[in-house]
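**Student:** This structure is in structure tokens; I'll ask about it shortly.
Where a number appears in this text, it was derived from the coordinates with a stated rule and is not lab data. What you see is a predicted model, and the numbers here were worked out from it, not measured in a lab. Counting neighbours? That spans all protein chains shown, and the Cβs are built from the backbone with ideal geometry, glycine included.
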Amino acid sequence: MYDDHHAVPLLCAGLIGYRAYRMAGPGRRLGNYGFGAAAQVITQVATHQGREVYAFVAPGDDQALRFAREVGAVWAGPSNEPPPVPLESALIFAPVSHLVPEALSRVTPGGIVVCAGIHMSDIPFVPLSVAVGGTDRSVGGQPDACGCRGVSDACRGGPLHTHVHVYPLADANLALSDLRAGRLSGAAVLVP
């Protein structure tokens with residue numbers, strides 16, 4: 001079904017993303033902040049399950065906007081702009097903590113915002129007027145067995161395509177540089 005290179009994003013970003021996705025609850029309108037390896041997988045899972053995905057990318061990142069739409073987002077826009085409709089939940093995959101109050105301001109009252117990155121900078125002060133609307137949750141870096149089953153079930157439920165850029169292990173620094181600079185869409189895969 002998947003060659004080794006295309007399975008890798010499912011076993012790392014897919015597991016962490018799926019765990020965050022479960023924590024976000026069953027809301028129909030889901031926001032994804034940061035559009036990389038995890039978001040590409042979760043967008044496909046969510047749309048297959050009948051949800052609308054709204055993708056938020058770094059302002060000016062036209063490549064990420066196109067990629068988000070390509071894998072199923074109904075809307076894609078800069079992370080500092082509002083979506084066309086209020087969200088019921090949001091996943092923050094980007095390691096940029098200023099997105100927490102931004103996402104909280106975009107969810108409906110009682111909505112859920114999940115910090116899903118492996119690491120994140122310190123979360124800034126969140127005004128009570130923003131924090132009252134939603135709930136903030138965080139996902140630890142270790143996926144659980146349910147996440148493995150969930151991603152596996154999602155893969156069987158419909159076509160799930162991982163977009164990868166393969167680098168030899170010796171080019172790990174180049175892969176990191178390309179990720180930081182936004183020069184690739186999807187997942188970077190290192191091959192020894």
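**Student:** Hey, could you check region 1-60 for residues that are aromatic (Phe, Trp, Tyr) and under 28 Å from Gly110 (Cβ atoms) and say which is surrounded by the fewest Cβ atoms within 10 Å (Cβ to Cβ)?
**Tutor:** Top of the filtered list is Tyr54.
**Student:** Mind listing just one residue for me: the one in region 61-71 that is acidic (Asp, Glu) and not in a loop (DSSP other than H, G, I, E, B) and, of those, nearest to Arg106 (Cα to Cα)?
**Tutor:** Per the criteria, the residue is Asp62.
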